[in-house]
Amino acid sequence: MIKEILSEGEAQMQRSIEALESAFAKVRTGRAHPGMLGSVMVPYYGSDVPLNQVASVNVEDSRTLLVQPFERDMVSTVDKAIRESDLGLNPMSAEVIRVPLPALTEETRKDMQKLARTEAENAKISLRNARRDMMGDIKELLKEKEISEDDERRASDQIQKLTDRFVAEVDKHLDKKEAELMQV
């Protein structure tokens, strides 16, 4: 019973880390990377689809993304979707779409750093919620007299160690992202 609770909780915590990595991929650094446009939705035959389903996104150079729609008539639609996204990008289109990334100012870097810290805090909240759920399940087992108090104490210690390990991982990801953001 306890092992099931721990493995389920660990899987939930791992999903929190994956969500954090996904969120960090969208936070803009000084270099261009295709993940930056991952949140852009493009209208396609009546429904909104992610950009990567209607176009390929590649890095042309360190400050330019190259977007090639799979269909030629989608160029203007993709261009418009990138313009209207909250990324503050101004694409140039012809046969393909070039998306130049403006240099980050010190103020923009600090804003991105705040955003990264917010995402990291959200991940930590998710981890604490997983810990709370696991602790509740353990206490329920104790209440039902399915485990002893010693087992409950040992399980609580294991849950806390697991949580501490994942919180340290979040901090490591945040430090790495902040260092990336402050590189000029």
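Values in this text are rule-based calculations from the coordinates and carry no lab data. This structure is a prediction, so every number in the text was calculated from the model and none was measured. Every residue, glycine among them, receives a Cβ derived from its backbone with ideal geometry; neighbour counts consider all protein chains shown.
Listed values, structure above:
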{"item": "Number of the condition not met by GLU21 [criteria: (1) closer than 27 Å to LYS176 by Cβ; (2) without any contact (Cβ under 8 Å) to a residue 24 or more places away in the chain]", "result": "(2)"}
{"item": "One residue from ALA116, ALA155, ALA130 being touching a residue at least 40 places away in the same chain (Cβ under 8 Å), within 30 Å of PRO34 (Cα to Cα) and of a type outside the set (Phe, Trp, Tyr)", "result": "ALA116"}
{"item": "Subset of the stretch 91-128 (residues that are of a type in the set (Val, Ile, Thr) and within 30 Å of PHE70 (Cβ to Cβ))", "result": "VAL96, ILE97, VAL99"}
{"item": "Which listed residue, of LEU20, LEU6, LEU87, is touching a Leu at 6+ places or on another chain (Cβ under 8 Å) and closer than 24 Å to LEU115 by Cβ", "result": "LEU87"}
